[in-house]
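Enquirer: Handing you this structure, nothing more for now.
The values are calculated or read from the model by the stated rules, or taken from the named source; none is laboratory data. All values derive from a computational prediction rather than experimental measurement. Because the Cβ atoms are built from the backbone with ideal geometry, glycine has one as well, and the counts that use them run over all protein chains shown. We work out accessible area using only protein heavy atoms, side chains counted, and drop any ligands, DNA or RNA first. Shrake-Rupley method; radii C 1.70, N 1.55, O 1.52, S 1.80 Å.
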Amino acid sequence: MPVSTLYVEGGGQDPIDLSILHALLGGRPLVVPGGSKGSLRPRARNAREENSRVFACYLRDRDFDADPPIDRSAPVVDCHLQGNSGPALGWHWCRHEIESYLIDPRLVAAASTIPEATLAAALQAAAIDLQVYAAARWAIGVARRTMPSSGTLATRPAAFAGHEFRTLKVEYDEHELPEWLRDSLRQYRDLTDTALADSVLRGLLKDHIDRLAHAIHGSIEDILVWFPGKDLMAALAPSVYRGFAASPAELRQKLRNWVRSHPDQALELFPEWQALRERLRQ
C-alpha cells in the first residue's frame, strides 16, 4: 500500500527536508514536519493507530546513530512495524543528513558554475581539516548508542515490575536516599559511566580517526557518507563558492532552491532518492 503521509524532521517556516522532499515526491505522499527525530517514530505509529486509512511512515537523518551502509542505493529501514520484520515504519538516509547530498559536487556543478573537480578537491581539503573534530563527534555518537535511555531509570523499585498497584512506605532521612532509589541510580550511573569511560572514548576516537582517513583517501562519496554535510559546508574554503553564495547558509539555500526547481534532474543524481520515491509509492 502506498504511503499516504511521510513525517520528516523539522518544524517552523519551510524546513529544508520538507521543502526538498515535497519537490522530489511531487505531493505523493504528503510530507509533514514531525519535529525532532525522536518524535518521528511515535508520530507515525500514532497516526496509523488513530486512523486506519492513514498509512504513515517517517524519514530521518542517519546522524551518528548508525554506521554508513555498504549498499547506498536505497534508504535504510530504521524501524519495522512489528519487531525486526514486516513493512517499514521508517527509514534513515544513507548519508549523514540532507546537506550531505546538497554538497555533492555533481549537484553543485549542476546548480552553479563551480566545476565538479574544483569542489571535489575542496571537499577533500575540508575533510582533512575536519578529521579530528568529526572523529570526536563519531566517538561521542557511538558511545551514546550504548548508553541507557532515560526510560531505563526506573521510578519504582525493581521488585515492583509487573505490579501496577504496589507501593512502599518510606521514611524520610535528609542525609540518606531510600535504598531502592540508591540502587536504581547506581545501576544507571554504572552503565552510563561505562559507556563514557575515557578508555572507551579513546578507542572510539582512534577507530574513527582511521575510518575517516580511509574515507579521505577513498572516493568523494566516502567523504560525503562519513562526514556531516553541514560541517563540510562550514569547512569549505569560501573562495570555492564565492560569486555563487556569500556564506554556508546561503550556499545551502541556493542548492536547496535548485533541487526544488529541478526535481527530476536531482533524482537522476542519487539512486537512493529514486528508490525512496518508489518505495513510498508501492
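Enquirer: Could you work out the relative contact order of the range 130-282, using alpha carbon pairs under 8 angstrom and six or more residues apart, expressed as a whole percent?
Expert: Averaging sequence separation for qualifying contacts and normalising by length gives 27 percent for the range 130-282.
Enquirer: I need the phi-derived Karplus couplings for the range 250-259: 6.51 cos²θ - 1.76 cosθ + 1.60, θ = phi - 60°, integer Hz, Gly and Pro marked x.
Expert: Computed from phi, the couplings for the range 250-259 are 5, 4, 4, 4, 5, 5, 4, 5, 5, 4 Hz.
Enquirer: Relative to the longest principal axis of the chain, what angle (0 to 90°, nearest 10) does the C-alpha long axis of helix 116-145 take?
Expert: 0 degrees
Enquirer: Would you grab the residues whose amide H sits under 5 Å from the one on D78? Only those 5+ places off in sequence or on another chain, please, with H modelled 1.01 Å from N.
Expert: G90, W91, H92
Enquirer: Oh, and also: Contour minus end-to-end for E116 and M1, with contour as 0.36 nm per residue of separation and end-to-end as the Cα-Cα distance? Walk me through the numbers before you get to the answer.
Expert: Working: separation 115, 0.36 × 115 = 41.40 nm, distance 3.95 nm.
Gain on extension, E116 to M1, equals 37.5 nm.
Enquirer: When ranked by the protection proxy of mean other Cβ atoms within 10 Å per residue, highest first, what sequence do the peptides 75-85, 49-59 form? Before the final figure, lay out each step's value.
Expert: Details: 75-85: 13.5, 49-59: 16.5.
Highest-to-lowest ranking by the protection proxy: 49-59, 75-85.
Enquirer: Between D63 and A213, what length in nm is gained on full extension when 0.36 nm per residue of separation is reduced by their alpha carbon distance? Don't skip to the end; give the middle numbers.
Expert: Details: separation 150, 0.36 × 150 = 54.00 nm, distance 1.89 nm.
So the chain would gain 52.1 nm between D63 and A213.
Enquirer: For A275 and V32, what does the FRET efficiency come to when R0 = 25 Å and r is the distance between their Cβ atoms, rounded to the nearest 0.05? Could the numbers behind the result be given before it?
Expert: On the way: r = 21 Å, r/R0 = 0.84.
For R0 = 25 Å, the calculated efficiency reads 0.75.
Enquirer: Give me the net charge for the shell around A127: Cβ to Cβ below 11 angstrom, other residues only, Lys and Arg +1, Asp and Glu -1. The partial results should precede the final answer.
Expert: Values: positive: none; negative: D129, D222, D231.
Summing Lys and Arg as +1 and Asp and Glu as -1 gives -3.
Enquirer: Using only the alpha carbon atoms of the chain, find the Kirkwood hydrodynamic radius as the inverse mean reciprocal pair distance, in angstroms to one decimal. Walk me through the numbers on the way to the answer.
Expert: Working: mean 1/r = 0.0469 Å⁻¹.
This gives a value of 21.3 Å.
Enquirer: With point charges of +1 on the Cβ of Lys and Arg and -1 on the Cβ of Asp and Glu, referenced to the Cα centre of the chain, which listed residue (V54, P148, I216) lies farthest in the positive direction of the dipole?
Expert: Value computed over the given set: V54.
Enquirer: Carbon and sulfur: what percent of the chain's accessible surface (1.4 Å probe)? Please report the intermediate quantities before stating the final value.
Expert: Numbers: 8030 of 15200 Å².
Here carbon and sulfur together make up 53 percent of the probe-accessible area.
Enquirer: Would you give the gap between the C-alpha center of the range 210-282 and the C-alpha center of the range 92-117, rounded to a whole Å?
Expert: Comparing the Cα centres of the range 210-282 and the range 92-117, I get a distance of 3 Å.
Enquirer: Give me the one-decimal nm value for the distance between modelled label points at D129 and R144, 7 Å along each residue's Cα-to-Cβ direction.
Expert: 2.4 nm
Enquirer: Using the C-alpha atoms of the range 1-70, what convex hull volume per residue, in cubic angstrom, is computed? Kindly include the intermediate steps, with their values, before the conclusion.
Expert: Numbers: hull volume 8.0 nm³, N = 70.
Roughly 114 Å³ of hull volume per residue.
Enquirer: So what's the convex hull volume per residue for the Cα atoms of the range 73-172, in Å³?
Expert: Details: hull volume 20.7 nm³, N = 100.
Dividing the Cα hull volume of the range 73-172 by its residue count gives 207 Å³.
Enquirer: Test of understanding: extend the Cα→C-beta vector of F244 to 7 Å, then name every residue of the range 89-105 with backbone N under 18 Å from that spot.
Expert: Once the point is set 7 Å along Cα→Cβ of F244, 98-105 turn out to lie under 18 Å by backbone N, inside the range 89-105.
Enquirer: Expressed in nm², what is the orientationally averaged projection area of the convex hull enclosing the Cα positions of the range 1-133? Write down the numbers at each step before the final one.
Expert: Numbers: hull surface 40.4 nm².
Result: 10.1 nm².
Enquirer: What's the percent breakdown of Cα-Cα distances in the range 155-253 across 10 Å bins, shortest bin first?
Expert: 11, 21, 18, 14, 15, 15, 5, 0
Enquirer: Now, a different point. Counting only DSSP beta bridges with both residues in the chain, what percent are antiparallel, rounded to the nearest 5?
Expert: Given both bridge residues lie in the chain, the antiparallel proportion sits at roughly 35 percent.
Enquirer: OK, next. About the Cα centre of the chain, how large is the charge dipole given +1 on each Lys and Arg Cβ and -1 on each Asp and Glu Cβ? Please answer in debye to the nearest 20. If you can, show how the numbers build up before the last one.
Expert: On the way: 33 positive and 36 negative charges, 148 e Å.
Once rounded to the nearest 20, the dipole reads 720 debye.
Enquirer: Given L191, G83, A44, which one lies farthest toward the positive end of the charge dipole of the chain, if we put +1 on the Cβ of every Lys and Arg and -1 on the Cβ of every Asp and Glu?
Expert: Comparing the listed Cα positions along the dipole, A44 ranks first.
Enquirer: Oh, and also: Which shape class applies to the range 174-229: rounded if a/c is under 1.5, otherwise prolate when a/b exceeds b/c and oblate if not, where a ≥ b ≥ c are the square roots of the Cα gyration tensor eigenvalues?
Expert: On the way: a/c = 6.18, a/b = 3.66, b/c = 1.69.
Prolate is the answer for the range 174-229, as a/c is 1.5 or above and a/b outweighs b/c.
Enquirer: While we're here: Tell me, what ³J(HN,Hα) does each residue in the range 191-196 have, in order and in whole Hz, if you take phi through Karplus 6.51 cos²θ - 1.76 cosθ + 1.60 with θ = phi - 60° and put x for Gly and Pro?
Expert: Taking θ as phi minus 60°, the curve returns 5, 5, 4, 5, 5, 10 Hz for the range 191-196.
Enquirer: For the chain, report the accessible area per residue in Å² (1.4 Å probe, heavy atoms, rounded to an integer).
Expert: Values: 15200 Å² over 282 residues.
Heavy-atom accessible area per residue stands at 54 Å².
Enquirer: Expressed as a rounded percentage, what relative contact order does the chain have, with Cα pairs under 8 Å and six or more residues apart? Write down the numbers at each step before the final one.
Expert: Values: 391 pairs, mean separation 72.7, N = 282.
Relative CO of the chain lands at 26 percent.
Enquirer: How long is the gain from H262 to A195 if the chain were fully straight, where each residue apart is worth 0.36 nm and the alpha carbon distance is subtracted? Display every interim value, and only then the final one.
Expert: Details: separation 67, 0.36 × 67 = 24.12 nm, distance 4.49 nm.
That pair, H262 and A195, stretches by 19.6 nm at full extension.
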